[in-house]
C-alpha cells in the first residue's frame, strides 16, 4: 500500500507540470506620437498650376528650395508664417501649397499667403 500514495503523488505532480502555461503578455508599445491628421483638401486658386517663373514673379525668391525626386519644394517665410510650394513636372508647376499655421478650410492659410506676397513686393 505504500507505493500507492507515492504513485498518486507522482501522477498529480506530473499532471500539474503538463498543463499549458498562460501566454506571456507582450510588452506595452513604446510611447509613440500619433500621426497628425492630413490637412483639409483644397488649393489656393491663384497658385495652383502656375509655372515656377510665375510663382517667383508673385512671391519673389524663395528663402529655401529642396528637390526630392521629381518634386521641388520652395519655402517662403515671414515673422508670422511659412508657405511651402510643391512643384512637379516639366516645366515645373505648383501642385500643392501648405502654410504653417494651416488654414481653416485648406492646407494653405490665405492670410499667410497674402502677407507673404505683400512682403515680397519692393517698398
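Here, each number is a calculation from the coordinates, and none is a lab measurement. All of these numbers come straight from a predicted model, not from anything done at the bench. Cβ: placed from backbone, ideal geometry, glycine included. Neighbour counts: every protein chain shown.
Some observations on this one:
- Proxy reagent accessibility, fewest Cβ within 10 Å first, across 64, 86, 47: 64, 86, 47
- Note on 32, 71: ascending count of other Cβ atoms within 10 Å places them as 32, 71, the fewest first.
- Counting neighbouring Cβ atoms within 10 Å and putting the fewest first, the residues 68, 109 line up as 68, 109.
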